[in-house]
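Report on one structure; see the data block that follows.
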Amino acid sequence: MTPHAADQRSSFLFAVCQVGAERALKAEVARLWVDLHFAYSRPGFLTFKLSEGHQLPDDFNLRSVFARAHGFSLGKVKASELSARVAEFWRIAGQRPFETLHVWQRDTAACGYRGFDPHVTETAREAEAAIRQAAPAEARQAATWPSIAAAGQLVLDCALVEPDEWWIGYHRATAGPSQFAGGLCEIELPAEAVSRAYLKMAEALDWSGLPLRPKQHFVEIGCAPGGASQALLARGQNVLGIDPAAVDPRVLAHPKFHHLQKRGADVRRREFSNVDWLAADMNVAPDYTLDTVEAIVTHPSVHIRGLLLTLKLLDWNLAEQVPAYLDRVRRWGYGQVRARQLAHNRQEICVCAVRRKPSTR
């Protein structure tokens, strides 16, 4: 880590993660950043202290798989009354040149527990309204700051960690999840969706930025009952779904969907000869998923440009293997490989891999 400039910045960072992923996030930060030391933790929310004498740029990228959002911490507000928390919030925020405001509540449960999905809660919306209304004169434009940050904007952050405890911070937005409060790009589940896998795929497509074009061919291994395939069909893709289990009749009826009721490993390679993109989401160990996909994408007759792979961390200790999993995907010829635990992922991560140049057929 190198000093940025003479200006003073906070020596603490905050990070938001899925409930249950705290240990994985702490180990990841310790591996990537020797000058960041764990300081404070609540389920889904952690802070780290920077070694004395070190500074970071305000657009610092933690490069974390497990952090849904991160930024510099300015401290916490603790008061029983909302009005007192708001007043202290603005005292701590000071007069930095913020351009927008993000307010969110840390997750109250692990994703999927009793139907819980991370989202911006009504409690967070009420807190945001109170903060905006009480903005001091020097921050009078706060009332009209956008909720979604533009890339490059300086964002004032407020994480509701406990009912009477807020943590204040800031970050410089880049394109992607950091433009949204707590890294939560909220996606509505359509009434016709056959499973919550629709949310996972929609978020994966938004995060990955895969350059999909209408009428391209997308294969999904582990497609049943079809929720993720619906999200792909909604993006204009022709979808080949592969799964020995049954697919919902509403998905089967779509003219751009075709189902092969087989295991991915049993499908003949010629079925993949005209495929542009591949997704895999199987309830198996990561090495099994990677074995299945590797046998397909490294075949000489197959020229798949990009991948979206869901790797199940059946044991949290598997988080330590994530760098090795990504290196393995790179060895298949995919130069751009990234991973993230998406908001709608459960105990799993999403890996995006894209070839630097489209393959020619």
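The values are calculated or read from the model by the stated rules, or taken from the named source; none is laboratory data. These figures come from a predicted structure and were not determined experimentally. Here Cβ is always computed from backbone atoms with ideal geometry, including for glycine, and neighbour counts include all displayed protein chains.
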Phe45 in contact with a Lys or Arg (Cβ under 6 Å, 6 or more places away or on another chain), in the same structural domain as Ala175 (by TED's automatic domain parsing) and aromatic (Phe, Trp, Tyr): yes
Residue match in the range 263-270 (condition: acidic (Asp, Glu) and in contact (Cβ under 8 Å) with a residue 12 or more places away in the chain): no
The range 143-174 - residue that is under 21 Å from Gln95 (Cβ atoms) and charged (D, E, K, R) and, of those, surrounded by the most Cβ atoms within 10 Å (Cβ to Cβ): Asp157
Of residues in the range 164-176 being at pLDDT 95 or above and not small (Gly, Ala, Ser), the one farthest from Ala204 (Cα to Cα): Asp164
Test: residue in the range 302-318 that is farther than 23 Å from Lys200 by Cα, free of Cβ contacts under 8 Å to residues at least 60 places away in the same chain and in contact with a Phe, Trp or Tyr (Cβ under 7 Å, 6 or more places away or on another chain): yes
Scope the range 186-203; condition of a type in the set (Asp, Glu) and surrounded by 21 or more Cβ atoms within 10 Å (Cβ to Cβ); matching residues: Glu203
Phe180, sole failed condition from (1) buried (at least 19 other Cβ atoms within 10 Å of the Cβ); (2) within 19 Å of Arg68 (Cα to Cα); (3) out of contact with any Ser or Thr (no Cβ under 9 Å at 6 or more places or on another chain); (4) not hydroxyl-bearing (Ser, Thr, Tyr): (3)
Residue among Ser195, Ser178 that is farther than 18 Å from Val337 by Cα, in a helix (DSSP H, G or I) and of a type in the set (Gly, Ala, Ser): Ser178
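Residues are listed down the side, and each one gets a yes or a no for (1) outside the structural domain of Asp59 (by TED's automatic domain parsing); (2) over 24 Å from the mean Cα position of the chain (by Cα):
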site	(1), (2)
Gln141	no, yes
Pro146	no, no
Gly169	no, no
Gly209	yes, no
Enumeration of residues in the range 139-161 that are within 25 Å of Leu46 (Cβ to Cβ) and among the hydroxyl-bearing types (Ser, Thr, Tyr): Ser147
